[in-house]
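Report on one structure; see the data block that follows.
The values are calculated or read from the model by the stated rules, or taken from the named source; none is laboratory data. Just so we're clear, the structure is a prediction, and the values are computed from it rather than from any experiment. Every residue, glycine as well, gets a Cβ built from its backbone with ideal geometry; the counts of neighbours run over all protein chains shown.
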Ligand SMILES: Cc1ncc(COP(=O)(O)O)c(C=O)c1O
């Protein structure tokens, strides 16, 4: 068996054909693949609109700009997320206000969010981390009560559900990423904004295309955040596989959880919340902090590459602290970042590979 990495891209014949079709068409921007990818993605999430964009980070940035969020505004977010959730908040000049997570599900704890609201708060960005929906109903109620925007970071949660409804359809907008490791990828950089609000849809379109409302009529200060036709063609073919991707990720997660039950020392396994359909973008266990590096190293020598998502909490990142040095203590986030360990998961991973990883992990942990 060769090396096993945390993720691997699924590629089929249809994807090869789709690339050729675009190359032969001679249309590389805003063609029919882009339109169809947007339409099919909107159908998947159940929103009126979907807007293809250069990546997940720019999706969040453009949504914030479209809502007029900027200087001296505050945005409530979890700190336990990829730093790209935070960058767009800083880019538009707003202040991220960090809230701790629920220890079982690793998503923003709605019980802690209300205390973080100030007169400057404009939005809450829950992150459906690792593929599990945040408990969104209490956050939505909070947003309604305090007149805040709810913006969902769905970059790790394509096809995830909350009480049977797709994530991305609860707030004013949802933002997705199609980076190569994601549950749906465009085999490069890509993103999608979903919304039911025609004004947000229109403004996002204008902003990502140099602020143009019609050719060479620049009405807003935008940027070039377009997604190319080739990437949309690939994303469209991936989207056709989403049922299989989700089913296979869920099977692998169940197999890991079952096969690792009797391994001594594992602190916790991923848990599916009663309200969620987890899509297992990442399969994250927790191990004793003092043993984590050794476990990772020993797995690596066996050709198994694990990850840590994420080793430094966002509220402790230098890029943030230089702008906002005063930060809260977040006990759960600050504890779990030393224990989390991501095992390989992707649809192409075979059952026997999962069992082999479990065997090796068992041996390594039982030897400690
Ligand atoms: C939770 C989260 N938010 C935002 C992003 C940003 O997406 P992208 O890498 O497409 O810019 C990512 C991906 O890295 C992510 O995992």
- Query: Exactly one of (1) part of a loop (DSSP other than H, G, I, E, B); (2) free of Cβ contacts under 8 Å to residues at least 12 places away in the same chain; (3) under 27 Å from residue 45 (Cα atoms) is unmet by residue 119. Its number?
  - Reply: (3)
- Message: Considering only residues that are over 19 Å from residue 245 (Cβ atoms) and either within 15 Å of the chain's Cα centre (by Cα) or within 12 Å of the ligand (Cβ to nearest atom) (or both), which ones fall in region 190-213?
- Response: 193
- Query: Which one of these does residue 359 not meet: (1) part of a helix (DSSP H, G or I); (2) buried (at least 18 other Cβ atoms within 10 Å of the Cβ)?
  - Reply: (2)
- Item | Test for residue 174: is it part of a strand (DSSP E or B) and either within 15 Å of the ligand (Cβ to nearest atom) or at pLDDT 95 or above (or both) | yes
- Note on the structure: The condition from (1) surrounded by fewer than 21 Cβ atoms within 10 Å (Cβ to Cβ); (2) more than 15 Å from the ligand (Cβ to nearest atom) that residue 9 misses is numbered (2)
- May I ask you to list the residues in region 116-134 that are near the ligand (Cβ under 10 Å from one of its atoms) and within 19 Å of residue 71 (Cβ to Cβ)? 125
- Query: Pick from region 131-153 the residues that are touching a residue at least 60 places away in the same chain (Cβ under 8 Å) and crowded, with 24+ Cβ neighbours inside 10 Å: which of them is farthest from residue 246 (Cα to Cα)?
  - Reply: 151
- Note on the structure: Sole miss for residue 37 among (1) outside any helix (DSSP H, G or I); (2) touching a helix residue (DSSP H, G or I) at 6+ places or on another chain (Cβ under 9 Å) is condition (1)
- Flagged pairs (Cβ under 8 angstrom, 6 or more apart or on separate chains; first in region 1-23, assigned to a strand (DSSP E or B); second at pLDDT 95 or above) are 4/303; 4/304; 4/305; 4/344; 4/349; 4/353; 4/357
- Message: If residue 187 satisfies all but one of (1) away from the ligand (no atom under 12 Å from the Cβ); (2) on the phi < 0 side of the Ramachandran plot; (3) touching a residue at least 60 places away in the same chain (Cβ under 8 Å), what's the number of the condition it fails?
- Response: (2)
- Query: Among the candidates 77, 92, which residue alone is touching a helix residue (DSSP H, G or I) at 6+ places or on another chain (Cβ under 8 Å) and closer than 29 Å to residue 274 by Cα?
  - Reply: 77
- Item | Test: residue in region 159-171 that is assigned by TED's automatic domain parsing to the domain that holds residue 223, within 15 Å of residue 69 (Cβ to Cβ) and touching a strand residue (DSSP E or B) at 6+ places or on another chain (Cβ under 9 Å) | yes
- State whether one or more residues within region 221-228 are part of a loop (DSSP other than H, G, I, E, B), in contact (Cβ under 8 Å) with a residue 60 or more places away in the chain, surrounded by 24 or more Cβ atoms within 10 Å (Cβ to Cβ) and at negative phi. yes
- Item | Tally of residues being part of a helix (DSSP H, G or I) and within 12 Å of the ligand (Cβ to nearest atom) across region 64-90 | 6
